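Please treat every number below as a calculation from the coordinates, not as lab data. Only a predicted model underlies this, so the values are computations on that prediction, with no experimental measurement involved. Reconstructed Cβ throughout: ideal geometry from the backbone, glycine too, with neighbour counts over all protein chains shown.
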Amino acid sequence: MPFFIVTVDGGAASGKSSTSKLLASKLNLLYAGTGLYYRALTRFFLDRKISPDDKMAIAVGLNELLFLIEVKVKGREAVFFLGDKAMTEDELKADDITKYVSTFAAIPEIRSFLKEFQRSHVDVAQRYGFNGLIMEGRDIGSVIFPLAEFRFFLEASEESRQQRRQKEGFSDSIHERDLADSTRSTAPLVCPDGAIRIDNSNKSLFEVAQAMLDVIQSTADAK
Ligand code: DC
């Protein structure tokens with residue numbers, strides 16, 4: 001099959017990243033978890049004590065960020081760099097970031113700033129010889145890659161998502177974040193038109209990945 005794009009969207013703790021990473025390894029895809037990108041920018045603004053309401057300061061910050069952000073490939077993962085610092089998942093799951101990330105992510109200028117950056121991952125994945133790109137987030141299938149070959153939307157009950165977070169050992173206001181993410185006016189969290197919905201409340205990671213794999217493989221076989 002020629003180079004292809006897989007998008008995976010869904011609410012907080014809906015299993016997007018673990019399933020996407022598994023698919024990336026099975027199909028040799030570049031994996032990008034864009035929640036970390038919004039978290040990294042939130043870290044940047046919080047560290048500078050810039051309020052989400054201060055439009056001018058946000059614009060100045062984004063100008064500075066233009067020269068700072070970069071994606072590097074480590075194994076099959078796209079790693080977000082701010083200057084020469086790799087922004088790691090551990091530090092980006094900090095409580096203060098989790099508390100404010102939805103507020104910063106609702107700012108249209110921040111979203112459009114990241115749009116082309118996320119789209120540029122196609123070139124990166126091709127340059128590195130991957131078979132495709134799998135990107136997960138909230139608006140990947142609806143806004144970033146609406147024409148992707150495969151678009152999935154993962155769902156799970158709030159209870160099972162809370163349990164997942166507890167097992168991972170950090171606190172998260174899943175309900176509040178989903179509400180903020182799905183009611184913002186720019187690129188809200190939605191199941192993209194035509195995307196395949198998978199409820200994984202009672203499914204293992206492997207079952208979900210297999211269901212996605214089946215969809216991809218049946219298309220590949222038909223070609
Ligand atoms: O995937 P995550 O829970 O780490 O994402 C953190 C926040 O980033 C999420 O609450 C909303 C925002 N986000 C977004 O608005 N759009 C994306 N494509 C990915 C994340």
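When both bridge partners sit in the chain, DSSP labels roughly 30% of those beta bridges antiparallel. Separation of the alpha carbons by more than 22 angstrom is noted, of LYS49/LYS74; LYS26/LYS115; LYS21/LYS223; LYS21/LYS93; LYS55/LYS115, for LYS49/LYS74; LYS26/LYS115; LYS21/LYS223. May I ask for the distance between the Cα centers of region 188-218 and region 43-109, given as a whole number of Å? Here the two parts' Cα centres lie 29 Å apart. Between MET135, MET212, MET56, the Gaussian network model of the chain with springs among Cα atoms under 10 angstrom shows the greatest mean-square fluctuation at MET56. Taking the Cβ-Cβ separation of LYS72 and GLU159 as r and a Förster radius of 41 Å, what is the calculated FRET efficiency to the nearest 0.05? Efficiency, rounded to the nearest 0.05: 0.65.
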